[in-house]
Structures are given as C-alpha cells and as structure tokens.
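> Next up is a structure, given as structure tokens.
The values are calculated or read from the model by the stated rules, or taken from the named source; none is laboratory data. On a predicted model such as this, the values are computed, not experimentally measured, just so you know. Virtual Cβ from ideal backbone geometry, glycine too; neighbours counted across all protein chains shown.
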Amino acid sequence: GENVEQHPSTLSVQEGDSAVIKCTYSDSASNYFPWYKQELGKRPQLIIDIRSNVGEKKDQRIAVTLNKTAKHFSLHITETQPEDSAVYFCAALSWGKLQFGAGTQVVVTP
Amino acid sequence: GAVVSQHPSWVICKSGTSVKIECRSLDFQATTMFWYRQFPKQSLMLMATSNEGSKATYEQGVEKDKFLINHASLTLSTLTVTSAHPEDSSFYICSARDAGTSPYEQYFGPGTRLTVT
C-alpha cells in the first residue's frame, strides 16, 4: 500500500518568514495530493491540493509543488502569520483511499 | 456546500458498553464514506471504507466485529464501537466523497471525541 513520509515534524518560524513542508510517497499510481490544516480538536481543513497532471499550484500565500518522478511534493507558505500556527498534514490518494503523513506542527512566533 | 456533520461531538462511556457515532452528509449524496481514528498528537489512520448498501471494507488490524459500520443511505453512515475499552478512547473522524462531483476530494466531519472510563 501507499506510504507517505512527512518532514519536519515540527517547524518554528518567525512571522513574515516562509515555511516549507516536504512529503514523499511510495505508490506511483497515486494521483491526488491534498494538504490539510488541523487545529486542536477540529476537523482537518483542506487548504490546497494538486493532481498528478500538474507540477505546481498556488493560492495566495500557499503553494504546492509536485515532482512525480521523484515522488515528492511540498507545501510552501509565504509571509507566515500567527494564525498559520497549526498541524499540517500531507496526504496521497491511492486506490481511492487517502494515506496521511505524520503531520508537521507549525509555530509562527510574532 | 459539501457539509458533513457528526453526532455526538463528544461522548463518555463506561468500559464494556457500546457507543454509536453518526456521520451525515447534509447537502450531497455520499457514495463513499470513510472512518478515521486519530490519537493525540498523531496522524489520521483510516479504519474502514463504506459504500452505500454494501459491507464496509476494513483496514488491516481493525476488528470489524468491534467497530461496526453501517452505511444504510447515501447521507448517513454509523460507527458503533462495541464493548468499548479505555484504549478505544480517541478522536473519530468521518469523511464523505461525492463521486458525482469529484472522485478525489473528501469532506471531513467535525469529529467525535470518545472517552471510555
């Protein structure tokens, strides 16, 4: 089955700086890669996603890149703000099921 | 659009009893629903996939007789934790997919915090 690895596990950044989270996946058949933001005790919230036929996607301060050959994808958050502090999960869709990475705790300090 | 609700939002039960959690798609028909479990400071782990009108498919290591899943309609799936034990205490999250709109995106419910005493 699919295996998704996510790094780093924690990330502390100064407000205004950029944050980058990286994930790798194992199943070359995976074709959809969403990123979720989860606040404590809340549901995962989709912040951006990318399909396998696209290399990059951007939505305001958030961007995702996908390298199918290397089987890795990354989340980039620019101009970070304190409200960006949360746990971020990457995921890969394989055979109709989402496999999640272990998560990254992002802390944005003012 | 694409709202998924769960009930209850939290529940406390005694060891040995059963508890039922409901997952509803409010404004779309969910051809497939998924049940996840999330322990503190851990990731979401898929427990089972349920398709309306058919038996659920459980992930390896998940006891189907302990975690009963019923997907009787296109808007409702239930998870019953039978003979609950303290180690079953967790955050249970459902998600739903509307294959008619997108074969990819899953819409998550708000989760149910289960505490077994």
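> If you take the residues of the range B:66-117 that are surrounded by fewer than 19 Cβ atoms within 10 Å (Cβ to Cβ) and of a type in the set (Asp, Glu), which of them is nearest to B:THR31 (Cα to Cα)?
Top of the filtered list is B:GLU105.
> For residues that are more than 22 Å from A:LEU98 (Cα to Cα) and modelled with pLDDT of 95 or more, tally how many sit in the range B:66-79.
First, pick out the residues of the range B:66-79 that are more than 22 Å from A:LEU98 (Cα to Cα): B:66, B:72-73.
Now drop any that are not modelled with pLDDT of 95 or more, which leaves B:66.
Adding up the residues that qualify gives 1.
> So which residues in the range A:87-110 are crowded, with 20+ Cβ neighbours inside 10 Å and over 12 Å from the mean Cα position of the chain (by Cα), if there are any at all?
Residues satisfying the conditions are A:LEU93, A:SER94, A:LEU98, A:GLN99, A:VAL108.
> Sticking with this structure for a sec: Given B:GLY16, B:GLY53, which one is farther than 16 Å from A:LEU98 by Cα, in contact (Cβ under 8 Å) with a residue 40 or more places away in the chain and surrounded by fewer than 16 Cβ atoms within 10 Å (Cβ to Cβ)?
Of B:GLY16, B:GLY53, the one residue that is farther than 16 Å from A:LEU98 by Cα, in contact (Cβ under 8 Å) with a residue 40 or more places away in the chain and surrounded by fewer than 16 Cβ atoms within 10 Å (Cβ to Cβ) is B:GLY16.
> For the subset of the range A:22-37 comprising residues that are of a type in the set (A, V, I, L, M, F, W, C) and more than 8 Å from the chain's Cα centre (by Cα), which member is nearest to the other protein chains (Cβ to nearest Cβ)?
First, pick out the residues of the range A:22-37 that are of a type in the set (A, V, I, L, M, F, W, C): A:23, A:29, A:33, A:35.
Those left that are additionally more than 8 Å from the chain's Cα centre (by Cα): A:29, A:33.
Values: A:ALA29: 14, A:PHE33: 10 Å.
Within the range A:22-37, the match that is nearest to the other protein chains (Cβ to nearest Cβ) is A:PHE33.
> Filter the range A:81-110 down to the residues that are part of a loop (DSSP other than H, G, I, E, B), out of contact with any Pro (no Cβ under 8 Å at 6 or more places or on another chain) and touching a residue at least 24 places away in the same chain (Cβ under 8 Å) and list them by number.
Across the range A:81-110, the qualifying residues are A:GLN81, A:TRP95, A:GLY101, A:ALA102, A:GLY103.
> Quick check on B:ARG113: is it within 14 Å of B:GLN6 (Cα to Cα), touching a residue at least 24 places away in the same chain (Cβ under 8 Å), charged (D, E, K, R) and within 14 Å of chain A (Cβ to nearest Cβ)? First the steps, then the outcome.
Numbers: within 14 Å of B:GLN6 (Cα to Cα): yes; touching a residue at least 24 places away in the same chain (Cβ under 8 Å): yes; charged (D, E, K, R): yes; within 14 Å of chain A (Cβ to nearest Cβ): yes.
Answer is yes for this residue.
> Further question: Just checking: which of the strands (runs of 3 or more DSSP E) contained wholly in the range B:61-106 hold 3 or more residues that are at positive phi?
By residue number, no strands (runs of 3 or more DSSP E) qualify.
> Condition first: surrounded by 13 or more Cβ atoms within 10 Å (Cβ to Cβ) and aliphatic (A, V, I, L, M). Now tell me which residues in the range A:1-33 satisfy that.
The answer is A:VAL4, A:LEU11, A:VAL13, A:ALA19, A:VAL20, A:ILE21.
> Which of the residues belonging to the range B:40-50 are farther than 20 Å from A:GLY101 by Cβ and at pLDDT 95 or above?
B:ALA48
> Checking B:GLN29 against (1) closer than 22 Å to A:LEU40 by Cα; (2) loosely packed, with under 15 Cβ neighbours inside 10 Å, only one condition comes out false. Which one?
All conditions are met except number (1).
> Right, next: If you take the residues of the range B:25-54 that are within 14 Å of chain A (Cβ to nearest Cβ) and of a type in the set (D, E, K, R), which of them is farthest from B:LEU76 (Cα to Cα)?
B:LYS41
> Next up: Restricting the search to the range A:75-110, which residues are under 15 Å from A:SER30 (Cβ atoms) and away from chain B (no Cβ under 14 Å)?
Passing the criteria: none in range.
> Condition check: within 11 Å of chain B (Cβ to nearest Cβ) and touching a Lys or Arg at 6+ places or on another chain (Cβ under 7 Å). Does A:ILE50 satisfy that?
On the way: within 11 Å of chain B (Cβ to nearest Cβ): yes; touching a Lys or Arg at 6+ places or on another chain (Cβ under 7 Å): yes.
The answer is yes for A:ILE50.
> Search the range A:58-67 for residues being buried (at least 16 other Cβ atoms within 10 Å of the Cβ) and touching a Gly at 6+ places or on another chain (Cβ under 8 Å), and hand back the single one that is farthest from A:ASP27 (Cα to Cα). Quick ask: steps written out before the conclusion?
Initially, the range A:58-67 is screened for residues buried (at least 16 other Cβ atoms within 10 Å of the Cβ), giving A:62-66.
After this cut, where a residue has to be touching a Gly at 6+ places or on another chain (Cβ under 8 Å) as well, the list is A:65-66.
Working: A:THR65: 17, A:LEU66: 14 Å.
Checking each candidate, the answer is A:THR65.
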